[in-house]
Amino acid sequence: MDRECVSVLPRVCEVLAASGSSLPDDTSLEKLLDWFTTLTKTGVSLVEACPCLLEFISTVGNNPSSDPSVLSFALKLTGLMGATEDSFKVLQEFSVLDLVFDPQRWQEAGLWEDPCIRIGWIQGLRTMLQHSAALYFFVQADFIEPLLHLQTDSSLFVAAAANQMLAHTLLFCQNVPSVGFNDKEEDNTRTNASIRHLEHRTATLKTDQDFSAVVMTISEYLKKMLVPKETSRLHQSQQILKLLALLLAQARPPLRDKLLLTVAGSLEELVTTNHSQLTPPLMDVLLAAHSGSGSDVPDQRVSRLLSFMLNSRKPADLVHAAAAFLRRGQNDRVHLAQSARVLLLPLGIVTGLDLLSTNASADEHRLAMVEQLKIKTSCISMICVSLTNTPQITLMAPDCRPCPPALIVTAVLSLLRLCSGDTTPSSPGCIEVVRNVTGSGKVQKCALEALSALSSCPEVKVMLVEVFTHLIRCLENPDSDPTVLQKSYQALVKWISVCTDLSSVTDQLRQDLIQVVRKRACDMRWEVRDSTVEFLGHLAGVTTSAERVCNASEVLLGGCCFTTPLLKEALQDQESYVRASSISALAQTLAHSWHQGAALAQEQTEIVTRLLEILSQDTEGFARRAVVQYFILWFSSCSSSTSSCSLLMQSVPSVLLHGSADLDWEVKVHTLDLAELLLDQVFSGHRGYTKGLETHPARPHPYAVMSDQTHTPQTHSQGVESDLVDALNGLVEQGVMSVLLSGLVDCDRPVGLKACRLLIRLRDTVCLPSLGARDATVALATNTGVFCELPGWGWAQEIRKILGENNRDEAVTTHGADVADSEGCGEAAAEGVSAGGRTGGRTVRVSVWEVLRSLGLDEKLGILAKSSDHIHNSPLSLLQDILTASTADAHPNSQPGKEVIVDCY
């Protein structure tokens, strides 16, 4: 623990303990508690490290007039300190626990009415309840009664916290080891030690009995509160059901069986009451009970309750109960089949298709469900639940499925046609129901999502043409909502990607798709245009299994001949989202030709020209980001022997230049990604070069002492050294060094961090750590022959300033037509700044190696790797803020008009 914090903490405790003291930042106490929590997790004992905290708690506990937030903080802090047995004993010795946690004291003082006191009491006890001594204290103090009262607290936050605390208490009781008597030991000679051991076991037995009483009290409370006596108490029953579901999911036998046996009667009563609001939490309880392994009696009762829930509830409740059972993936085949029938029944009624094979139990529910479906809100809700679960039904075992998966797909397609008004119901009795789904965008979207998910069932691939036909109709429909069109495109891509053999798709369907895509690419709504160009990109990424490997776009749309002109036109779109999507789609469309090394077309040159215009002139960051990513994908896919790659390399310097100067930090990071690819290309396989940004981890603290190691150029054979110089010169000419150096001093931390890591990687490739003489180092640097220019403006001023500070006493060799003699880089930087100010100054050429050596990259990385608030948002800063705020509060007129600012820790 920091010494300075230890010295400041007593004064902070005095301030907080002062009567009526409050803080301008009401989260300061939570931040302080977070810090204490972090300390305890590292093994620090707060009782030993911060003895002033005991005095603080005693002072606050004996002063009921203290601020409620401070009292609440003291309660939570006491619980945190008592979470270990050693500290718990110290708190008991100082009588702190009885003082702070007695709710009667706070009630008599009139403080219990404040919710923050009740929250502090609950959270403090829960934090402390980590060992048997704390549980024994809780039981002996009879805190279970006030905790049960808080379950129905007027504050939802208090009630929720009490709910969690009750679960924690009950589950903790089952984890306390019980000790029984051992006959062998009783026969032994009873020495003093064995007598003490027996006394301890007698106390343990008494404690176990107390814990059993707690379990029984809580179980009886749950039993009593489960069934609401009136409608206004439904919320309370919901909370109890949530608590019971949590307990049953985590409890082990015998606790789990004891709970079930206690509450089984109340559950049976609750199941028969048919409160719709309680169906979801009630199913959670039954499923939690059903999934565990307990004795036969509770399991049989739970199974009967599940059958009742899936048979005798209201139609809407039946559907939700069946969905809950299906989602949990239970291995109960009887109830699985029953759930599937219930879920398919609404879909079968609306479409008029026989999905249940005239099942007798389904006929029982049909009339009631038809009446429920005639109510629009209930109809849409039930149909959407049914649709959401249909994909899961198709993946069930064949003997559990009510019908073949292909018939379910047919039903979904029929429902989509009804939504669009393309067809009429086959049964006259369903006209009223169909009217509810006609034109419903919610049902359409849900049906399209279900259709996408249904494609994962292998048995439905034969329906590709039917699905294809209907989705094209959805896309052609002039009344289709933009979201419906988007989901239609997504479903189409999903089915095409699964059914990669597209030979069954007719020429007419291909022509229909081409026409609808061309039409939607010119839609008045930008969302539709955006979805269309996204679709073209996704389609280009789907590979087919035809005789020759090609993408789906080529098979269905004719490939680049159709797609590229459409996307080129979208580059001019007035909406930035569409421009960005078209750029991404173009990259996906052309990636195949880049990878194959296809000949350069005039069209690609025009595209590059337009992309560079967007990068340098577009006002929206989305499109500019997409441009840099386009070149990254091109670079990753391109074969170096193609003319396309020649165009790429000609364009890279412009991309690096504009991307590194962009105002959007994500554009700059993507530009550094491109620079990284260039580094990988040049140095891949070179000794000392390692891919990956984490090869040089940051130091543990920004102010850690840095090593004094220096770096010298690596020595190689003459041929290797020549290759290295050529590679470095190429990087400088392309602008990679400028990108890395400008990124290093960028105001956006992610940019600086990435640039720094790349520069370290470059430095470690061309330089070796050395403790050689400075003169020899400078001589070697001069002979490397690789230089870069540092202009006298912009980012270069910052670089020259750093070089000047780090090399104030060292000579840095500079060369160039405008520099007559060798001079220190610091002097050159100083002259540049003084001559040109912020906008001018002469350009100097410096050795690349010398720049890499002199920038202090390791120290820079250590600082950048820390979050930007690591200096101000420290525990010491927080403590000082509390003291400052209290001083200003004590002297309100000392600085009139000046607000006390507390750090956002």
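General remarks:
- Percent accessible area from carbon and sulfur atoms, the range 302-422, protein chains only, probe 1.4 Å: 53
- Among the chymotrypsin sites (Phe, Trp or Tyr not before Pro) in the range 17-123, those located in a DSSP loop and surrounded by at most 15 other Cβ atoms within 10 Å of their own Cβ are PHE94.
- Accessible area (Å², 1.4 Å probe, nearest 10) - ASP34: 90
- Loop sites in the range 92-144: trypsin sites (Lys or Arg not before Pro), DSSP, at most 12 other Cβ within 10 Å: none
- Carbon plus sulfur fraction of accessible area for the range 1-108, probe 1.4 Å, in percent: 48
- Among the trypsin sites (Lys or Arg not before Pro) found in the range 212-319, those both in a DSSP coil and sparsely packed, with 12 or fewer other Cβ atoms within 10 Å of their Cβ, are LYS229.
- Here the accessible area of the range 520-651 is 50 percent carbon and sulfur, with a 1.4 angstrom probe and all protein chains present.
- Per residue solvent-accessible surface (Å²) - the range 209-248, probe of 1.4 Å: 45
The values are calculated or read from the model by the stated rules, or taken from the named source; none is laboratory data. Given the structure is predicted, the values throughout are model-derived calculations rather than measurements. FYI the Cβ positions are ideal-geometry reconstructions off the backbone, even for glycines, and counts take in every protein chain you see. SASA here: full protein model, heavy atoms, side chains in, ligands and nucleic acids out. Shrake-Rupley method; radii C 1.70, N 1.55, O 1.52, S 1.80 Å.
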